[in-house]
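To start, the structure under review is shown below, and the notes come after it.
Nothing in this text is a laboratory measurement; each read-out follows from the coordinates by a stated rule. Please read these numbers as outputs of a predicted model, since none were measured by experiment. Note that each Cβ is placed from the backbone with ideal geometry, even for glycine, and that neighbours are counted across all protein chains shown.
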Amino acid sequence: TGEVSGEGTNGGIIGYAKGDRTKISDCSNTGEINGKYSGGIAGSNEGDIQQCYNKGKIIADSEAGGIVAYQNTGDGRIHECYNVGNVTSNSNAGGIAGLSKDKIFNAYNTGDIKATNTAGGLVGLNYALVQRSYNVGDVDGDSGIGALIGRNRAKLVNCFWLLGTADAGIGYEDSGSEKSIVMVLSKEQLSGQLKVKLDNGFQLLTSYLNNKAGSEVWTYTYSTEQSADSDSSDIISDGGGIVPPISISTAAEKGNVITASDLRSAYLYPELIQLKQ
């Protein structure tokens, strides 16, 4: 939870996760990380990072990421992780990784991302597969600015971003850049109030992502909002919880029919089911 700062490669949990046998799981950071290269969980990663999240502010000269600053080529991967902290760097800033040369999947970012050059809601500079992930954080900078990837040289599959977070999903596309089911969504579509027209017709986004993952990874959650004229007995839950959307057995575009006025609740974006908070 404390601040980490220095002139090298800094991480909220580990500075340098060396070797493909390294595993980091069920970890979180809330402190500010400041360095030449900065990551909310690890500065440099060659291992496996799973079920981790960052809520701290990330600041770096070059390569800043909500989960890792730099992910090296090999067996390293980041999955079932998320970032809500703001990430700022002179170059290569990303909600999940500043620069990535290995796999990222089942991840999301809600923090604001900013870099002078190359900023992405998921990855600043990307060389590897990114799949089943999304961004709702604002992305800003002078060049190479993308709601998903700042500069891309690899394949994106089943990735989504919220309308208005950046002008385009990818800032620059170099040789090797590919996209498959990569879409901009409205708040209503991303939160499940409307189904999304995908390769199998209209579907709730969480159902689609879980089908592609082959397991129950994603769900919608809600937080209660007590109205001014109600007493404590009217609160729906003890502060929030998992509420499966009502199933509609048609091909209609309409999705979740439970509205805020029905339950005094507000539906949020898809979250990772098993992540400890």
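Which whole-number percentage describes the relative contact order of segment 33-75, with Cα contacts under 8 Å and a sequence gap of 6 or more?
52
Taking just the alpha-carbon atoms of segment 1-91, what radius of gyration and Dmax come out, in angstrom?
Final numbers for Rg and Dmax: 11.2, 31 Å.
Hey, got a sec? Which trypsin sites (Lys or Arg not before Pro) in segment 61-140 land in a DSSP loop and have at most 11 other Cβ atoms within 10 Å?
Sites meeting the loop and neighbour criteria: none at all.
Multiplying the sequence separation of Ala168 and Glu216 by 0.36 nm and subtracting their Cα-Cα distance, what value in nm do you get?
14.3 nm
Run the quick spin-label model on Lys179 and Ser143: label points 7 Å from Cα toward the beta carbon, then report their separation in nm to one decimal.
2.2
Show me, for segment 120-134, the HN-Hα J-couplings you get by feeding each phi into the Karplus relation (A = 6.51, B = -1.76, C = 1.60, θ = phi - 60°), rounded to Hz, glycine and proline as x.
x, x, 9, 9, x, 10, 10, 10, 9, 4, 10, 8, 6, 9, 8
Sequence neighbours fewer than 8 away in the same chain don't count; with that in mind, list the lysines whose C-alpha is under 27 Å from Lys18.
Those lysines meeting the cut-off are Lys36, Lys55, Lys57, Lys101, Lys103, Lys155, Lys276.
How would you order 153-159, 119-125, 15-21 from highest to lowest mean count of nearby Cβ atoms within 10 Å?
Values: 153-159: 20.7, 119-125: 35.9, 15-21: 15.9.
The most tightly packed comes first, giving 119-125, 153-159, 15-21.
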